[in-house]
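All remarks here apply to the structure that follows.
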Amino acid sequence: MASLTLRAALLVAVCAIGVSAADAQEPFYKGKRLTLVINFAAGGPTDIEGRLLAKHIAKHIDGQPTIIVQNKDGAGGIVGTNFVGEVGPRDGSMVGYFTGAAWKYVMEPAKHTVDFRTYEFVGYQPGSAVYYARSDTPPGLKNATDILKAKGLVVGGLATESSKDLLIRTTLELLEVPHKYITGFRSSVNARLAVQRGEIHLHSESTPGYFSVVEPSLVKDGTVIPLYYDAYYDGTNFSVPDVMKGSSIQPFQEFYRKLKGRDPSGPLWDAYRTNLAVDSAMLRTIAMPPGAPQAAQDALRAALARLNNDKEYAADTMKAMQFVPHYETGADINARVRRALTVSPEIRAFVLNYMRSTKSAK
C-alpha cells in the first residue's frame, strides 16, 4: 500500500514538473491583447506608420496577441508619451509608438510626468522631414529658390515646444526669410488642411506623410512645391536617407549653400544640428512603461528585429509611404537610448529661450 502511495505521489510530482515546464515555455503574449498607443492624431504620418507596424508585427510576436491601436494626441505628442508612462499598465499589455519624444524630453524633462529615461525601450527609427510651401505664396513660387522672394509668408506648426516647429523656424531664419509663425495645429493632418485652405503657406512632414499624401496630391496638382529636407546627422556627419536618394529635393545644408554661397553657421545652426542628432536620429521611439516585464520586452524586441526582414511589411509600407522603415533594436537598446537623451546645457538654454521668445500668432 505504501508502495502504491509513493508511486502515486511520484506520478503527481512528475506531472506537476511537466506542467511547470510547459508554463515556462509558454509565449508571454499567448492569448493576450497588446495596446499600441500613438502620440499623434489619426491620419497623420505617425499614425500611418504606427498602424502599419501594428498590422504586421503581430505575426512576429511569439503568441501572436491581438493588437489594438489607440491615439492619444496633444501638446506636440507629450500627452501620449505621459499617458503610457503614467497611466499605462506595467504588465506588458501596452506599448507606445512616439514621434518627437526624445527631443521633447531633452529640452523640457519637467513636462514629463514620468522620467522618459526610465521607460523600457523596444526600438527606435531615424527620420527625415520634407518642407513644402503653397505655390501661390506671393508673388508666386515656381521653384524652391523662390522662397527667398516670398511676401507675407505664414508658416504653421504643432506647438511652440515641438521639434517640427523649431526646425521650420530655424531654417527660415537662417535663410533670412521673413515670415509669420502660427502654431497649435496638434497634428500634421490639421496643418496640411490649413495649407490646402490657404490659411498657412508652409509646413513640413516626415517622409511617410510627404510621399503618401503630399506628393501624390498637393505636389501633383501644383498646390505646393517641395523646398528642402532634413538629412540624417550623427553629430559629426550628414547622410542622405534612403528614401531621398535620387530625389531632386536638396538637403537643407546644400540648399542653404546654393542660395547663400557659404555654409550655415551660428547658434541657430547649432540648434538645428543638435535637434537632428537627437530627434531625427530617434524620430520614432517604441517604448513600454517603466518596469514592464522583461519577457514582454524581449518578445517585442525580437518581433521588431523580424519585422525589419518582413517582405510583406516592406511592400506594404513602400506602397503606402514610398519608404520602408528600419528599426534599431537589441538587448542593449535601453542603454543606447538613455545615453542619447542628453544635450549640452548651453544648447538647451538657447533653444528654450528661442522657443519662449516668439509667441505664436494663432
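Per residue, how large is the accessible surface of the stretch 40-120? Use a 1.4 angstrom probe and give square angstrom.
Working: 2750 Å² over 81 residues.
Accessible area per residue: 34 Å².
For the modelled label position 7 Å from the Cα of Val79 along Cα-to-Cβ, which residues of the stretch 158-179 have backbone nitrogen atoms closer than 18 Å?
In the stretch 158-179, the label zone of Val79 (backbone N under 18 Å from the point 7 Å along Cα→Cβ) covers 158-165.
Out of (1) 46; (2) 26; (3) 30, which label holds the value of percent of Cα pairs over 34 Å apart that was computed here?
(3)
Of the accessible area of the chain, with the probe set at 1.4 angstrom, what percent is carbon plus sulfur? It would help to have the intermediate numbers written out before the result.
Numbers: 8480 of 15470 Å².
Here carbon and sulfur together make up 55 percent of the probe-accessible area.
Any chance you could check the Cα centroid distance between the stretch 65-89 and the stretch 158-228 for me, in angstrom?
Spelled out, the Cα-based centre of one part sits 25 Å from the other.
Applying the Karplus parametrisation 6.51 cos²θ - 1.76 cosθ + 1.60 with θ = phi - 60° to the phi angles of the stretch 169-177, what ³J(HN,Hα) value in whole Hz is obtained for each residue in order, glycine and proline being reported as x?
Per residue, the Karplus-derived 3J(HN,Hα) values read 5, 5, 5, 5, 6, 5, 7, 6, 9 Hz.
Please go through the residue pairs Lys151/Lys260; Lys104/Lys245; Lys149/Lys180; Lys30/Lys55; Lys149/Lys245; Lys59/Lys311 and name each one whose alpha carbons sit more than 22 Å apart in this structure. Write out the running numbers ahead of the final one.
On the way: Lys151/Lys260 19 Å; Lys104/Lys245 29 Å; Lys149/Lys180 15 Å; Lys30/Lys55 17 Å; Lys149/Lys245 28 Å; Lys59/Lys311 13 Å.
Over 22 Å apart, Cα to Cα: Lys104/Lys245; Lys149/Lys245.
Whole number in Å², please: accessible area per residue of the stretch 284-351, 1.4 Å probe, ligands, DNA and RNA not counted. Each step should come with its number before you reach the end.
Numbers: 3070 Å² over 68 residues.
The answer is 45 Å² per residue.
So if I place +1 on the C-beta of Lys and Arg and -1 on the C-beta of Asp and Glu, and nothing else carries charge, what would the dipole magnitude of the chain be about its Cα centre? I want it in debye, nearest 20. Provide the component values of the computation, followed by the final result.
Working: 41 positive and 35 negative charges, 103 e Å.
Dipole size: approximately 500 debye.
For Thr35, which sequence-distant residues (separation of 5 or more, or a different chain) have an amide H within less than 5 Å of its own amide H, given hydrogens modelled in the peptide plane?
Ile68, Met94, Val95
Which value in nm describes the separation of the simple spin-label points at Asp221 and Asn308, placed 7 Å from the Cα toward the beta carbon?
4.0
If you count only protein heavy atoms with a 1.4 Å probe, what accessible area per residue comes out for the stretch 150-221, rounded to a whole Å²?
Details: 2320 Å² over 72 residues.
Result: 32 Å² of accessible area for each residue.
The values are calculated or read from the model by the stated rules, or taken from the named source; none is laboratory data. Everything numeric in this text was worked out from a predicted model, so none of it was measured. Please note: Cβ atoms are built from the backbone with ideal geometry, for glycine as well, and neighbour counts cover all protein chains shown. Accessible surface is based on the protein model in full, side chains and every heavy atom, while ligands, DNA and RNA are left aside. Shrake-Rupley method; radii C 1.70, N 1.55, O 1.52, S 1.80 Å.
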